[in-house]
Amino acid sequence: MYPIVRVSFGVVVSCVFLILVANVNGFFVSPSDDPAWVDVAAADAAGSTNGGPGGPGLAVYQRVCQSCHQASGAGLEGVYPPLAGSEWAQGDPGIPVRLVLHGFQGAIERNGVQYSGVMAAWGEVLDDQEIADVLNYVRAAWGNSGSTIAADYVAEVRAATANKLGAYQPDEVVAEVTAAASGGDSSAEQ
C-alpha cells in the first residue's frame, strides 16, 4: 500500500510542477494574449433590434413559445399552428399582440390543416418590452417579414383591451383589429 501512495503522490507533485512551469513559460507569455471574456448572451442580444437571429426576442421565444410552436416555428401539425409563414404573425401587429396578451381559443385552418386548440394568455407574465421583443423575433424569423412592433404599441393595445375577458376567438380578434384600423373602437367589450 505504501508504494502506491508514494507513486500517486509523486505523480501528483509532478503534474502540479508541469502545470505551473507550463503556465509560466507557455500559455500566457504576454498580457496581450490573456484570454478575453465574451458574454455570449449580451453578444446575441446586441445582434439585432428587430428580433433577427439572436435578438432579444429569441430568449423569450425559447422560454415561452418554443415548446408549442417549436424552434423551427413550424408548430406541431394538427395541434399547434405554425408561426413560420403565418399571415397573422406577419400582418397587422394588432392581431399577434392581442393573442399574446389575452390568449386564443378556437378553430383555424393553416396550410390546409385544421387546428382547434387553446393558446395561453401571456399578458400577466410578460411585460410590454418582452412581448414586443418576442413578436419582433417571430415577425423576422423563418422567412417572415412583419414590421417592427414597439413596446409603446403593446402598451396601447394592453390599455385598450384591459377589459377583455377570456381568450380571443378567431373572428373576434380579426373584427376588433379591423375596427381599430378603420378608426372604430379597438377595446374589448367582453
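The values are calculated or read from the model by the stated rules, or taken from the named source; none is laboratory data. Quick caveat, the model's predicted, so the values are computed rather than measured. Don't worry about glycine lacking a Cβ; one is built from the backbone with ideal geometry, like all the others, and counts go over all protein chains shown.
Laid out as a table, the results:
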item: Lone qualifier among A180, A140 - being small (G, A, S), in contact (Cβ under 8 Å) with a residue 40 or more places away in the chain and closer than 17 Å to E87 by Cα; result: A140
item: Residue match in the stretch 107-123 (condition: in the same structural domain as A160 (by TED's automatic domain parsing) and within 14 Å of the chain's Cα centre (by Cα)); result: yes
item: G75 in the same structural domain as G146 (by TED's automatic domain parsing) and surrounded by 15 or more Cβ atoms within 10 Å (Cβ to Cβ); result: yes
item: Residues that are out of contact with any Ser or Thr (no Cβ under 8 Å at 6 or more places or on another chain) and either under 16 Å from G123 (Cα atoms) or in a helix (DSSP H, G or I) (or both), drawn from the stretch 144-161; result: I149, A150, A151, D152, Y153, V154, A155, E156, R158, A159
item: G73 vs. criteria free of Cβ contacts under 8 Å to residues at least 60 places away in the same chain and not in a helix (DSSP H, G or I); result: no
item: Residue within the stretch 116-124 that is under 21 Å from E176 (Cα atoms), part of a helix (DSSP H, G or I) and not hydroxyl-bearing (S, T, Y) present; result: no
item: Those residues of the stretch 84-105 which are under 14 Å from G117 (Cβ atoms) and either assigned to a helix (DSSP H, G or I) or modelled with pLDDT of 95 or more (or both), in sequence order; result: L99
item: Sole exception among (1) under 16 Å from W88 (Cα atoms); (2) in a loop (DSSP other than H, G, I, E, B) for K164, by number; result: (1)
item: Checklist (1) buried (at least 17 other Cβ atoms within 10 Å of the Cβ); (2) within 22 Å of A74 (Cα to Cα); (3) not polar (S, T, N, Q) applied to Y153, failing item; result: (2)
item: Index of the failed condition, E109 passing every other in (1) of a type in the set (D, E); (2) surrounded by fewer than 14 Cβ atoms within 10 Å (Cβ to Cβ); (3) assigned to a helix (DSSP H, G or I); result: (3)
